[in-house]
Amino acid sequence: MADFTVADVKKLREKTGAGMMDAKKALTEANGDIEAAVDALRAKGLATAQKKSSRTAAEGLVGVAVEGTRGVAVEVNSETDFVAKNDKFQDFVRKTTQVALGIEGDDVEALKSASYPDGGTVSDKLTDNVATIGENQQLRRMKTVTVSKGAVVPYMHNAVSPEASDLGKIGVLIALESDAPASVLEPLGRDIAMHAAAMFPQALDADGLDPDVIERERAIAREKAAESGKPENVQEKMVEGAVKKYAKENALLSQIFVKDGKATVEEYVGRVGKEAGHTIKLVDFVRYQLGEGIEKEESDFAAEVAAAVGG
């Protein structure tokens, strides 16, 4: 029997929406490798590709801050949502995000070593928080975006509160290079940020997508094409078409802009710029979702018992 448990079957079903028997069969064929089983189910049309954001579990907060034409997003994780609601923790995330504005690049270690406003370093304060609050906390990542002229527009989805719109679950920064006034760039940037929060773009354009992810999609498309029974030259066109479709749907500039419904984000930005009489270019963005890519261990007692007795 393949090396997997009832809990693994349950996890695979939650990830793919596949039926019990299909999930069990896929795991058997994949020798218990859940990700390989996901790919196999997708190739057979038995699963819907789910975005990483739908599987996140880590707690904590994302912070965003903007100063002039520079913006930064920071993620700090905690073990529970209870701690994320703690005033001391929120104050730490907010101040650390402000400190990050002065850090060159996206070096988390440099941020940890930077001076904290209340004394010591950011790392010292984090250690003190862990001891005081009594729960593990981690400064996970940061990213900075800048423009030479224009605006960096922040947006926080699921903010802690209306008064604390710089802290929340999904933080977005949109970097717009332009001579256009703030009255044009601010609302445009906010609209694009809301789009990014909802549509989960993985890169600014197709060239920025992870090559490993593209190859994975290509392999899945190739398997689907092979099952069609069509000639090889047709299969290859099917594969390339599927990969291009994936790239278009996952790059911010080529996504269909939600607010418009017809134009791509890039086309919409160009239209707004033309109407304003200024060239506007979307040059960078950040979309940080709390816990993105992290899966928390969850105890399922019933599944553990069933697995233990060979269920």
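Overview of values
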read-out: Test result for residue 220, modelled with pLDDT under 95, open to solvent by less than 40 Å² (accessible area, probe 1.4 Å) and touching a Lys or Arg at 6+ places or on another chain (Cβ under 8 Å); value: yes
read-out: Tally, over segment 241-261, of residues that are over 21 Å from residue 212 (Cα atoms), free of Cβ contacts under 8 Å to residues at least 60 places away in the same chain and in contact with a helix residue (DSSP H, G or I) (Cβ under 9 Å, 6 or more places away or on another chain); value: 2
read-out: Search result, residues across segment 127-145 that are open to solvent by less than 50 Å² (accessible area, probe 1.4 Å) and touching a residue at least 40 places away in the same chain (Cβ under 8 Å); value: 129, 133, 135, 137, 139, 141, 142, 144, 145
read-out: Within segment 72-106, tally of residues that are of a type in the set (D, E, K, R) and open to solvent by less than 10 Å² (accessible area, probe 1.4 Å); value: 1
read-out: Options 160, 153, 172: the member that is at pLDDT below 95, of a type in the set (A, V, I, L, M) and assigned to a strand (DSSP E or B); value: 160
read-out: Residue list for segment 239-298, restricted to those being outside any loop (DSSP other than H, G, I, E, B), closer than 24 Å to residue 169 by Cβ and either open to solvent by 40 Å² or more (accessible area, probe 1.4 Å) or in contact with an Asp or Glu (Cβ under 6 Å, 6 or more places away or on another chain) (or both); value: 249, 251, 284, 288
read-out: Answer from 130, 184, 152, 145 - the residue that is β-branched (Val, Ile, Thr), on the phi < 0 side of the Ramachandran plot and within 18 Å of the chain's Cα centre (by Cα); value: 145
read-out: Selected residue [without any contact (Cβ under 8 Å) to a residue 12 or more places away in the chain and either closer than 16 Å to residue 66 by Cβ or open to solvent by less than 10 Å² (accessible area, probe 1.4 Å) (or both)] from 165, 148; value: 165
read-out: Flag for residue 305 being at pLDDT below 90 and either more than 14 Å from residue 188 (Cα to Cα) or under 24 Å from the mean Cα position of the chain (by Cα) (or both); value: yes
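To keep it simple, each residue is scored yes or no on (1) under 24 Å from residue 170 (Cβ atoms); (2) in contact with a strand residue (DSSP E or B) (Cβ under 6 Å, 6 or more places away or on another chain); (3) of a type in the set (Phe, Trp, Tyr).
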site	(1), (2), (3)
191	yes, no, no
196	yes, yes, no
200	yes, no, yes
210	yes, no, no
215	no, no, no
222	no, no, no
225	no, no, no
229	no, no, no
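The values are calculated or read from the model by the stated rules, or taken from the named source; none is laboratory data. A quick note: this is a predicted structure, and the numbers were derived from the prediction, not measured. Using ideal geometry, Cβ is built from the backbone for each residue, glycine included, and neighbour counts are taken over all protein chains shown. SASA here: full protein model, heavy atoms, side chains in, ligands and nucleic acids out. Shrake-Rupley method; radii C 1.70, N 1.55, O 1.52, S 1.80 Å.
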